[in-house]
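Novice: Please see the structure below; I have some questions.
The values are calculated or read from the model by the stated rules, or taken from the named source; none is laboratory data. Bear in mind the structure is a predicted one, so any value in this text is a computation, not a measurement. Cβ placement follows ideal geometry from the backbone for every residue including glycine, while neighbour counts extend to all protein chains displayed. When the accessible area is computed, the model is the full protein with side chains, heavy atoms only, and any ligands, DNA or RNA have been set aside. Shrake-Rupley method; radii C 1.70, N 1.55, O 1.52, S 1.80 Å.
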Amino acid sequence: MISSQISHRNVTKNKKENETMKNNKGFSLVELIIVIAIMAILVGVMAPQLIRYIEKTKESSDVQLLDTVRSAVTTAILDPTVVTDSSVTIPSGNKDLSEFMNGNNALNKAIQETLGATTAAQVQGQLKSKICKGKTIKVEVKNGNTVIVTCETLTVGGTSTSGSAAASSN
């Protein structure tokens, strides 16, 4: 008798659980709208910061490329085999990178070899930031050993004797 009462209680309990499971059909529309609204607010707050972070990363990549160009030009103009070549004239003043790369003399070849590119357009095609994309890289050689490389407001410059580089963005 006791076992039949226990089994009857279990059956009744299972029926109630099954009924509540059938009535529970998931989230209500209001709950889903609240979750979507919270997600929209989070995206609205985070998106501008993410975009700024991505642009800073691109600018940093451009500064590294400009520093690589500076290093390549500095190495080439200080290389005794390049400087003693009679066909080499080191451009003075603020010149386009193409004047240092496009050509067939020892200076052009040394810079091309160091950068792994045969034209200035290939190097400039690697620029990613809004500031520099599609712009030209300018190279200035001062006193025969100081090389300053710029692209719009990004500047990388240093003295070849100290081996240091300073990067700035205005």
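Novice: Which condition breaks for Phe27 when tested against (1) assigned to a helix (DSSP H, G or I); (2) over 30 Å from Val156 (Cβ atoms); (3) at pLDDT below 90?
Specialist: Going through (1) assigned to a helix (DSSP H, G or I); (2) over 30 Å from Val156 (Cβ atoms); (3) at pLDDT below 90 one by one, Phe27 breaks only (1).
Novice: Same structure again: Given the condition open to solvent by 50 Å² or more (accessible area, probe 1.4 Å), in contact (Cβ under 8 Å) with a residue 40 or more places away in the chain and part of a helix (DSSP H, G or I), answer yes or no: does some residue in the range 81-95 qualify?
Specialist: Looking through the range 81-95, none of the residues is open to solvent by 50 Å² or more (accessible area, probe 1.4 Å), in contact (Cβ under 8 Å) with a residue 40 or more places away in the chain and part of a helix (DSSP H, G or I).
Novice: Only residues that are at pLDDT below 90, more than 22 Å from Thr155 (Cβ to Cβ) and in a helix (DSSP H, G or I): list them for the range 51-80, please.
Specialist: Pro80
Novice: Within the range 60-80, which residues are farther than 22 Å from Lys133 by Cβ, surrounded by 16 or more Cβ atoms within 10 Å (Cβ to Cβ) and aliphatic (A, V, I, L, M)?
Specialist: Scanning the range 60-80 gives Ala76, Ile77.
Novice: Check whether at least one residue in the range 51-59 is open to solvent by less than 50 Å² (accessible area, probe 1.4 Å) and touching a strand residue (DSSP E or B) at 6+ places or on another chain (Cβ under 9 Å), and report yes or no.
Specialist: Here is the first cut: in the range 51-59, the residues open to solvent by less than 50 Å² (accessible area, probe 1.4 Å) are 55, 59.
Right, trim to touching a strand residue (DSSP E or B) at 6+ places or on another chain (Cβ under 9 Å) and you get 59.
Yes, some residue in the range 51-59 is open to solvent by less than 50 Å² (accessible area, probe 1.4 Å) and touching a strand residue (DSSP E or B) at 6+ places or on another chain (Cβ under 9 Å).
Novice: Tell me, yes or no, whether the range 96-108 has at least one residue that is within 20 Å of Gly157 (Cα to Cα) and under 22 Å from the mean Cα position of the chain (by Cα).
Specialist: yes
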